[in-house]
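All of the numbers you see were taken from the coordinates with simple rules; none came from a lab. Bear in mind that the values here come from a model prediction, so they are computed numbers and not experimental data. With ideal geometry, Cβ positions are generated from the backbone for all residues, glycine too; neighbour counts draw on all protein chains shown.
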Amino acid sequence: MEKKAPKKKKPQAPATWLSDEILSSKQGLPHLSEKLAEMIEGRDDAKKKKISYSISPLSQTLIKSISEETGATQGHLVDLAPFLFGAVLEKAMERRKDALEPLEILTRQIKNSLKALSTQAPHLAPFAEAMEKMASELYAMEEEAVQAQNHQGVSPDNFPHLSPINQGDTKPPYFKEIESFLSPESPLGEMFKASTRDDS
């Protein structure tokens with residue numbers, strides 16, 4: 001009886017450096033860096049590649065200027081960007097975690113003040129009660145965002161008293177870390193504020 005040759009396994013496509021599996025782990029940047037190190041080790045294609053992406057004219061000018069002033073290549077500056085940005089994200093999330101306790105205290109104080117307002121002016125009680133619910137949801141929304149590692153901000157979808165509110169062009173939380181890192185007297189600080197200033 002003729003034996004069948006074993007089926008050849010289909011070669012798997014190399015994972016991108018930010019695969020869905022890595023991004024869906026939601027375990028934070030330290031775990032991400034470990035996975036990246038493991039993935040890059042032993043890879044045949046772990047070498048520099050040319051890629052194309054869009055950046056603002058200001059960033060293009062800054063990359064060129066810093067490259068010329070420091071002697072670092074433009075590619076080196078781009079290589080460093082994810083590490084610097086990752087550090088900013090970690091610091092911003094740490095700040096938000098630390099702020100949860102004072103936010104909870106402030107929320108309680110606001111609700112107590114609104115109860116006192118209702119006592120003094122009972123005809124305003126329905127409005128005060130609505131504001132109390134908003135205050136509770138506001139804290140819960142930030143707590144949910146921190147637990148979910150939502151670096152971009154918050155999501156009001158699960159909060160009926162907050163979801164109708166138009167957030168407008170709210171800046172992401174990590175802008176606070178970037179602005180505090182860049183001194184107001186620094187030309188870079190001035191440029192960052194100018195480039196992120198609301199049109200309104």
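Things to note:
- Isotropically averaged projected area of segment 157-200, using the convex hull of Cα atoms (one quarter of hull area), nm²: 4.1 nm²
- Proximal charge balance of Glu144 [Cβ under 12 Å; K/R count +1, D/E count -1]: -3
- Estimated inter-spin distance, Lys133 and Glu185, nm [label 7 Å along Cα→Cβ]: 5.1 nm
- For segment 58-129, the equivalent ellipsoid derived from the Cα gyration tensor has semi-axes of 52, 15, 8 Å, listed largest first.
- Charge dipole (debye, nearest 20) of segment 49-200; +1 at Cβ of Lys and Arg, -1 at Cβ of Asp and Glu: 100 debye
- Translational D in µm²/s for segment 93-196 (Stokes-Einstein at 25 °C, 0.890 mPa s, Kirkwood Rh from C-alpha pairs): 154 µm²/s
- Each of Val78, Val146 was scored by other Cβ atoms within 10 Å of its Cβ. Listed from fewest to most, they are Val78, Val146.
- Length gained on full extension, Ser65 to Asp169: 34.5 nm, using 0.36 nm per residue less the C-alpha separation.
- Sparse packing (at most 13 other Cβ atoms within 10 Å of the Cβ) combined with a DSSP loop state is found for the following trypsin sites (Lys or Arg not before Pro) in segment 146-200: Arg197.
- Förster radius 25 Å - calculated FRET efficiency between Ile51 and Ala194 (Cβ-Cβ, nearest 0.05): 0.35
- For the residue pairs Lys49/Lys176; Lys91/Lys171; Lys133/Lys171; Lys115/Lys171; Lys49/Lys171, the alpha carbons lie more than 28 Å apart in Lys49/Lys176; Lys115/Lys171; Lys49/Lys171.
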